[in-house]
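**Student:** Following this message is one structure expressed as structure tokens.
The values are calculated or read from the model by the stated rules, or taken from the named source; none is laboratory data. Just so we're clear, the structure is a prediction, and the values are computed from it rather than from any experiment. Glycine also receives a Cβ, built like all others from the backbone with ideal geometry; neighbour counts cover every protein chain displayed. Surface accessibility is based on the protein's heavy atoms, side chains included, excluding ligands, DNA and RNA. Shrake-Rupley method; radii C 1.70, N 1.55, O 1.52, S 1.80 Å.
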Amino acid sequence: DARYMVGLDGSAVEVGPGILIRAEHTTVRGLVIRGFAGDAVRLDGGGFSRIEVNLLGGESPVDAAPANAGCGVLIVDSHDNVVGGTEPASRNEIVANGGHGVLLSGIDAVANSVLGNRIVANGLDGIALTAEVPLTARGPRVVANNDQSAPMLISATQSTGPDGASQGTLLEGKLQSL
């Protein structure tokens, strides 16, 4: 079970995210971030950061603050970040935020991982990719994931072992052409 050590209540803050990170190699761990008019956590530039073992939005065991109006995690032009982790103890609870659970945006939002989190009941998609990058000196507009925010799900199959116990769910999908 996750252990949330510190709660940030943004209900008295009129604008902005709960935490804004512009540095590299930053870790956000063990927080309850709720009630902000913006995102719970925003990574803006930089990279190599970790967001793990947090409650971002949702019902809090610590207080009764409302969820965040923006995204649970917004990554803008930031690279090589990890949200959650491969171990269950690293997962975030990203629940009931007004925007996306996790939104990755911008031409430099590459090599990011969103792993093992519980992302439910957010106002928009659980995980979304977008790149609203205009024509610049870098060349033509480049759009993440071929301007498709999610793959098309083809099938979901539950696998079972010889004893009939569930061994997980296999999701298969493909990218659609636009």
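**Student:** At 1.4 Å probe size, with the rest of the protein present, what percent of the exposed accessible area of region 9-89 is carbon and sulfur atoms? Write out the running numbers ahead of the final one.
**Tutor:** Numbers: 1820 of 3460 Å².
It is 53 percent, rounded to a whole number.
**Student:** May I ask for the net charge around CYS71, where only other residues with Cβ less than 11 Å from the Cβ of CYS71 are counted and Lys, Arg are +1 while Asp, Glu are -1? The partial results should precede the final answer.
**Tutor:** Details: positive: ARG42; negative: ASP39, ASP125.
With Lys, Arg at +1 and Asp, Glu at -1, the net is -1.
**Student:** Scan around GLY7 for amide H atoms under 5 Å from its own, H built in the peptide plane at 1.01 Å from N, and keep only partners 5 or more places away or cross-chain.
**Tutor:** Hits under the 5 Å cutoff: VAL32.
**Student:** Leaving out ligands and nucleic acids, note down the accessible area per residue over region 1-61 with a 1.4 angstrom probe, in whole Å². Present the calculation step by step, with values, prior to reporting the outcome.
**Tutor:** Working: 3140 Å² over 61 residues.
Result: 51 Å² per residue.
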